[in-house]
1. Could you check how much of the accessible area of the range 425-490 is carbon and sulfur, as a whole percent, using a 1.4 Å probe?
2. Leaving out ligands, DNA and RNA but keeping every protein chain, what accessible area does Glu379 have, in Å² rounded to the nearest 10, with a 1.4 Å probe?
3. Calculate how steeply helix 87-98 sits against the longest principal axis of the alpha-carbon atoms of the chain, using the helix alpha-carbon long axis, and give the answer as 0 to 90 degrees to the nearest 10.
4. If r is the Cβ-Cβ distance from Lys125 to Ile171 and R0 is 22 Å, what FRET efficiency results, to the nearest 0.05?
5. Could you state how much accessible area Asp78 has, in square angstrom rounded to the nearest 10, with a 1.4 Å probe and all protein chains kept in place?
6. Using protein chains only and a probe of 1.4 angstrom, how many square angstrom of Asp346 are accessible, to the nearest 10?
7. Using only the Cα atoms of the range 164-322, build the gyration tensor, take square roots of its eigenvalues as a ≥ b ≥ c, and label the shape rounded, prolate or oblate: rounded if a/c is under 1.5, else prolate if a/b is larger than b/c, else oblate.
8. Taking the 0 to 90 degree range and rounding to the nearest ten, how far is the long axis of helix 113-126 tilted relative to the main principal axis of the chain, both from C-alpha atoms?
Amino acid sequence: MINYEKELNPEQLDVVRAQAGPVLVIAGAGSGKTRALTYRVAYLIERGTEPEHILLATFTNKAAHSMLSRVETLVDVDLGRMWGGTFHHVGNRILRKHARLLGYERNYSIMDAEDSRQLLNTCVKELGIHTADGSFPKPSILGDIISLSSNTRTNIETIIPSRYRSLSHCITDILKVALCYRIRKRELHVMDFDDILINWCELLTGFPDIKDEYSEKFQHILVDEYQDTNIIQAEILDLLAGHHKNIMVVGDDSQSIYSFRGANFANIVKFPEKYPDAKIFKLETNYRSTPEILHLANMSIENNSMQFQKELRAVRRKGVRPVFVPVRNVLQQADFVAQRIIELADSGVPLGEIAVLYRAHYHSMELQMEMVRRGIPFEIRSGIRFFEQAHIKDITAFMRIAENPLDEIAWKRVMKLYDKIGEATAGKIWNFVSSHGEPVAAAFSDEFLQYVPKAAVSGIRKFRDTLKDIMDLSEGRALTEITGAILNGGYREYLKAKYGDTVSREDDLKQMSNFSSRFDSLEDFLSDLALMTNLTEEEPYRIGEDTNKVVLSSIHQAKGLEWSVVFMIWCSEGMIPLARALREPGGEDEERRLFYVAITRAKDHLYFCHPVVNRTGSGWDRDAEPSRFIAELAPSDLEPEELPFDQWIVH
């Protein structure tokens, strides 16, 4: 028998030994929730519950496998009969047995993202929807809209005005595509990822005998990361627990940060309303961070009104105060972070124990460039490297044509941005312009349009106007206006039609435009970008034989991870919290939860960097206030680090 008193702290022990019935476990960051869940499963089995009568729902199969492997070592029982895995994994197992009740064959196929895009494209063509002008969304965007509608149980007519306002003009056609897509999936006996949850829920609600069968089968239901569940997942759990109500959900309302994916914050905060007899336990003992770091986390999150009150308590002894670093601008910010990383590495901190966190991917641009310059190895967790992103390369391709009209790669990339121009046509266009002594002049000739499909002529006329604007602006050294000219020349519509995160990508481009203002010419700007993109890490900064890499990550991607040292950059109002997020219902509270998540990733050292001056097209403007989340902290709990504002960072 397991000695639970020896293996668990009192808080965890109470969770593991909880009586049957609904249980809500509020598990603070670093409090050992996985350990509590693991021992809870072992406890149930030791007391006679057969493994096949336990359901463990997680958000990754890796998490389920890890927990079940630990249980096997604790109780020496083969858990092959136990149901554990993601909601989609469990749902698929059940649907394979009962699919015919819903009109599917048992051997239905599950579509991946590419399959879904192809089927949506087929629906658009079958419906005869006009797409030549680029104003109708690409299949990937249609898929995002339909998925969000499914996971939030919100109709498309509501989602588009709130999340995809630029597509309001084509709601009627989008609804037609969504209906066609749903019908075609049934005809082809295929399901997409969202259908697994939707159909599982439909099975349980439409066939009471099936619901009763699985409710009786799963005598104990345990759920990890409950704060990340959507409305459908919560409904499935309620249906399965309907008879016995033996459901234990574990999560942290303070770490609910995925509303953009459809996660429903109300699931966890209203659990006691749904189950009035629910027992609530709190895991507040933190094994990760120093008392100073946890104190800041507690101070910050207490400003959210809708939450379960808790206070993280440190097991570790006293450490150092988190550091607040006002910097002149983003260049000095990058310089400070890179220099401090080198100093930390010199003092023995492994590079892999250092992370730089930020709210949006473009916030890392200057730092990426500075770390490349200094040879500090790093990996990006928030996406690909800034200047390797498709939309950045698209914009710079326009610039490259203006700077070097013989750049074949740039010509072909730009041409393929326009509707009805593929690889073959782009090749023909290149052959024409390159056969003339002056490719740009050739592009403005009447003969040039003969190589362009008729459906693409209007787009190519815009291209010529844009190219002229770029050349005029580069000659006048108005580099910050070039990106705007490209966006206004049709690229903004291209972004809206192709990508779901249009606003984020425009933010990237604006940041790149601001960055370009430090260069004297378009040639210098493009040369620096090329060097930054092509420099490799063959000669990284080394501490002995250490080849670990610093992690650069968005806060969202950092959830669940930890590092010895964490830098939070761009701790300025409008950046964290992100200005556009504040316009969403509950936006400020979720942004504060993001701030809380970032703080609680740090074990030993935490730095908040605040650029006092933001770069704009008109020059340096002293308009950046510290984040409201920094202002909420007591100054005595932060160690100020003063950098000389008159020190201009020159590379």
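1. Numbers: 1500 of 3310 Å².
Answer for the range 425-490 is 45 percent, counting heavy atoms of protein chains only.
2. 70 Å²
3. 70 degrees
4. On the way: r = 20 Å, r/R0 = 0.89.
Step by step, r from the Cβ atoms, then E = 0.65.
5. So the heavy atoms of Asp78 present about 110 Å² to solvent.
6. 100 Å²
7. Numbers: a/c = 2.93, a/b = 1.53, b/c = 1.91.
In terms of gyration-tensor shape, oblate.
8. Between the helix axis and the principal axis of the chain, the angle is about 60 degrees.
The values are calculated or read from the model by the stated rules, or taken from the named source; none is laboratory data. Quick caveat, the model's predicted, so the values are computed rather than measured. So basically every Cβ, Gly included, is an ideal-geometry build from the backbone, and we count neighbours across all protein chains shown. SASA here: full protein model, heavy atoms, side chains in, ligands and nucleic acids out. Shrake-Rupley method; radii C 1.70, N 1.55, O 1.52, S 1.80 Å.
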